[in-house]
């Protein structure tokens, strides 16, 4: 209309990471282990979780995907933006493990992990995970996923977990599901890719 100026922010479009009609939640909330997660940390929807179904605790499955190829001997690894890694965390490619010494989040496209020891040559898309007792075994393997985006607060942090979802778009996930996660989840979680 003539004479009118509108200063409206565009509506934010929420991008579906899976077919939300297929999502089935687990009964009741789970107390999230927020160790190494400062208050205010945002955890994206569909982050892999290991849920202790008896004691009602949930643990993040801290997988990171390598963003760009890493040359042999390089200690800096570019990973997908929004990493759930933390300084002091061990990461493994399934063969060797090393410790994260710094995390640089200043780039808009990726985060950079500096590692205590160079991991060797890595290709973009390689999955790194938090190891348990040895470099080949993950600390946690997903049996669920986070239902919605969650912000860590002081005190108890209760989250809702998904036990089923279909048409998951792996390229839209901030925290990827590893091969071990997918095997454990079985047919309850369907991914739109060729793995």
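The values are calculated or read from the model by the stated rules, or taken from the named source; none is laboratory data. Predicted model only: the values in this text are computed from it and were never measured. Glycine also receives a Cβ, built like all others from the backbone with ideal geometry; neighbour counts cover every protein chain displayed.
Residues are listed down the side, and each one gets a yes or a no for (1) out of contact with any helix residue (DSSP H, G or I) (no Cβ under 6 Å at 6 or more places or on another chain); (2) in the same structural domain as residue 149 (by TED's automatic domain parsing):
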{"position": "43", "(1), (2)": "yes, yes"}
{"position": "48", "(1), (2)": "no, yes"}
{"position": "51", "(1), (2)": "yes, yes"}
{"position": "75", "(1), (2)": "yes, no"}
{"position": "79", "(1), (2)": "yes, no"}
{"position": "95", "(1), (2)": "yes, no"}
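With the condition being outside the structural domain of residue 28 (by TED's automatic domain parsing), touching a residue at least 12 places away in the same chain (Cβ under 8 Å) and within 13 Å of residue 80 (Cα to Cα), I'd like the strands (runs of 3 or more DSSP E) fully within segment 97-160 carrying at least 1 qualifying residues. Lay out the reasoning, then the answer.
Details: elements: 97-104, 110-115, 144-146.
Per the criteria, 97-104, 110-115.
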Report summary line: Of the candidates 193, 108, the one satisfying the condition of being at pLDDT below 95, touching a helix residue (DSSP H, G or I) at 6+ places or on another chain (Cβ under 7 Å), exposed (fewer than 12 other Cβ atoms within 10 Å of the Cβ) and under 28 Å from residue 18 (Cβ atoms) is 193
Requested in this report: Might you check whether a residue that is part of a strand (DSSP E or B), within 21 Å of residue 130 (Cβ to Cβ) and either without any contact (Cβ under 8 Å) to a residue 60 or more places away in the chain or not assigned by TED's automatic domain parsing to the domain that holds residue 84 (or both) occurs anywhere in segment 169-189?
Outcome: yes
Report task. Find the residue count for segment 46-64, including only residues that are surrounded by fewer than 20 Cβ atoms within 10 Å (Cβ to Cβ) and either at pLDDT below 95 or part of a loop (DSSP other than H, G, I, E, B) (or both). Result -> 4
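May I ask you to say which residue of 182, 188, 164 is touching a helix residue (DSSP H, G or I) at 6+ places or on another chain (Cβ under 9 Å) and farther than 23 Å from residue 36 by Cα? Before the answer, list the steps.
On the way: 182 fails: touching a helix residue (DSSP H, G or I) at 6+ places or on another chain (Cβ under 9 Å); 188 fails: touching a helix residue (DSSP H, G or I) at 6+ places or on another chain (Cβ under 9 Å).
Answer to the check: 164.
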Requested in this report: Mind listing whichever residues of segment 29-44 are in contact with a strand residue (DSSP E or B) (Cβ under 6 Å, 6 or more places away or on another chain) and surrounded by fewer than 20 Cβ atoms within 10 Å (Cβ to Cβ)?
Outcome: 29, 31, 33, 42
Query - Boolean, residue 23 is more than 21 Å from residue 173 (Cβ to Cβ), out of contact with any helix residue (DSSP H, G or I) (no Cβ under 9 Å at 6 or more places or on another chain), at pLDDT below 95 and not assigned by TED's automatic domain parsing to the domain that holds residue 118 - result: no
